[in-house]
1. Restricting the first residue to segment 72-89 and requiring it to be part of a loop (DSSP other than H, G, I, E, B), which pairs with a second residue that is among the charged types (D, E, K, R) meet a Cβ separation below 7 Å and a spacing of at least six or different chains?
2. State the number of residues belonging to segment 301-323 that are surrounded by fewer than 23 Cβ atoms within 10 Å (Cβ to Cβ) and of a type in the set (Gly, Ala, Ser).
3. Give me the strands (runs of 3 or more DSSP E) completely within segment 417-493, filtered to those with at least 3 residues that are at pLDDT 95 or above, ordered by residue number.
4. Of all residues in segment 447-466, count the ones that are farther than 18 Å from Val301 by Cβ and open to solvent by 10 Å² or more (accessible area, probe 1.4 Å).
5. Would you mind telling me which numbered condition in (1) open to solvent by 60 Å² or more (accessible area, probe 1.4 Å); (2) of a type in the set (A, V, I, L, M, F, W, C); (3) assigned to a helix (DSSP H, G or I); (4) under 30 Å from Gly70 (Cβ atoms) Ala124 fails?
6. Under the condition of being part of a loop (DSSP other than H, G, I, E, B) and open to solvent by less than 10 Å² (accessible area, probe 1.4 Å), which residue from segment 350-378 is modelled with the lowest pLDDT?
7. Would you call Leu344 of a type in the set (A, V, I, L, M, F, W, C) and at positive phi?
8. Any residue in segment 256-265 that is in contact (Cβ under 8 Å) with a residue 40 or more places away in the chain and in contact with a Pro (Cβ under 8 Å, 6 or more places away or on another chain)?
Amino acid sequence: MMPAPAPTQRQIRRDRPLVQRMLVVTCGLTLGFSAVVWRLYDLHLKRGPALAELASGKFREIRPLPAQRGSIKDHGGRYLAYDEEIFHLSTNRVHLHEPPTVKMALAKVRKVGVRDLTRSMSDAQIIAAYHEHIATIIAPKLGVTKEAVLAKLSSTEQVEMLAEKMSEDQAKEWKKLFADNYIKGVYVNSTVCRRYPTENRLALIVGGVEDGKGGVRGVEKTREDILHGIPGSVEVEHDKAGRELPLYRGDVQEPVHGRDVHLTIDMPLQDAVDRIVEQANLAWKPNKIMAVVTEVATGSVLAMSFRPDHDRNTPASTNWKNLAIYEPYEPGSTFKIVTFTGALDSGRITTNSTFDCELGDYTDPVFKVPLHDLKRQGVVPVPDVFKHSSNIGTFKIFKKLGQEKFLSYVKSFGFGRLTGIDLNGESRGYVNETSWSNATYSRFPIGYEMSCTPIQMAMAYGAIANGGILMKPRLVDRIVSDGGRKVDVMPPEVVGQVCKGKTAETMRELLQLVVDEGTGSRAKFEGLEVAGKTGTSRRYDPEFNPIYDKKGELIRKGGYPEGQWITSFAGFAPAKDPKIVCVVVLDYPKCEDKSAIGGGKVAAPIFGEIASEVLKQLSIRPNRPLALEGGAQE
């Protein structure tokens, strides 16, 4: 076969424009295809995951599954703190500004088709009209202006809050309103709020919580690890109408709920003590009044009351200190149990030992510090020194005991250190261990130059009542979880042995003498024997008597104002088989008759009222005369 002839120059010139056009078209097609490939690469491979996430984010959300915080209850199971589900009204910016969602909703409102709506209005006009519709419906129910609602609906914030702390019934009303008026983009959501049904009662003992911090005071803080739960979550998808698509539900992390804490305090008993303390507060008008009741055998706190107390409704101006554990005071004569216990326990004295009380006035020849007694006594045995609260006799007993031994018993009783009660903010008080002056030797043994809290004093007297065994104050009785199926009881904790059991028995007898024959007679109540000790100490004021130098700079301040006293009574009942300990302290009680101010006259009657009421509620019956029990039998 013959080969094709080569093209002539004429043919080449004729076909050159065609070839050029073909080259241009080929290059154009190549460039166009390259651009499409690049765009596909950019959308699907380079930015594909981010764009997919952005698209799905409009219809997917992670909803929290809140963990229920454990409740706090009293000993009888009454609620002191619990979580309650509350509802709030909020906007969702995505749904409020998403044209497809808004078009469908507004079309239903106007009873027209979506196409008819889009022919007559732009997307911006449709969104504005829908916002106007929502504001017109919900503004009257919210009690605000339509303009205020429109400002929230058009906000650039993802979520705007419209109403908070709604009840379940209110939430149902809003949901019905939204359904009836085709409202999307405004939703009712639920959250959890902490409730305190006892309000201000036990406010600083139960404590409180703050968002993001958990418990910030009281048992809410100290038992945060028990009470707090672990929130869960669920990933959900919804359609354009906002309806959840169950088939596309993602991972579910179930919440772990907190456990319940039951206190040793019983509210009926606490209310009774509160009532007595409030009456005393009104009668004596002290700067502060505190009362603590504990159980002898276990150290359980049965009641804790003080004034001024805490008001949850006025946090800026209220008292934030639990005075029963925070406020140390110089106890005076109630502290003398340490001196007497130490001397008896170490064998330095016996109840038959005698001491010269110098007819009420004495200045030690070595320390040169005067001491005075209210009751003028001469040489008397130890029981008389104690029941009449002789400062002179107590000082002489201390000299028999010695400084080192005395300090060891002070520490054994728990003074100068934290009791470890399940509450934050406890004070350790003050014990002068090293810096003793001449005055310290005569003042420390009678309850000055040291300070303690009411809870420390209660535990010290509890040790005497408990055979010399010092207990840790027990505020939490049990931890309950799994719907009540699992109960962990908190066992009583022994701190240490203060003294021998025989010494404690002797001290109980001496303390009963104080009530039967001495300064504490007003602590008596019918039917049961009581043991205890009065305390009347001068009140130290850190702001009293400021002294300045010539330049006007403060040199020192603080002292004991004339006529200002701290009165107290610490004791237990029944005297021979103690069940409860009670400590009552009044800081600067006021009365026109100054001679009426004293531990035996002010605090002892309050102790008697509290102890009588507590024993009655604990069903500890008074001793009845034989005739009332049915008479003698032959």
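1. Asp74/Asp266; His75/Asp266; His75/Asp477; Gly76/Asp266
2. 2
3. Here the list reads 469-471, 476-481.
4. Residues meeting the conditions: 3.
5. (4)
6. Per the stated criteria, the residue is Asp364.
7. no
8. Scanning segment 256-265 turns up no residue that is in contact (Cβ under 8 Å) with a residue 40 or more places away in the chain and in contact with a Pro (Cβ under 8 Å, 6 or more places away or on another chain).
The values are calculated or read from the model by the stated rules, or taken from the named source; none is laboratory data. Source: prediction; values computed, not measured. Quick reminder, even Gly has a Cβ in these numbers, built from the backbone with ideal geometry, and neighbours come from all protein chains shown. The protein model used for the area step is the full one, side chains on, heavy atoms only, and it has no ligands, DNA or RNA in it. Shrake-Rupley method; radii C 1.70, N 1.55, O 1.52, S 1.80 Å.
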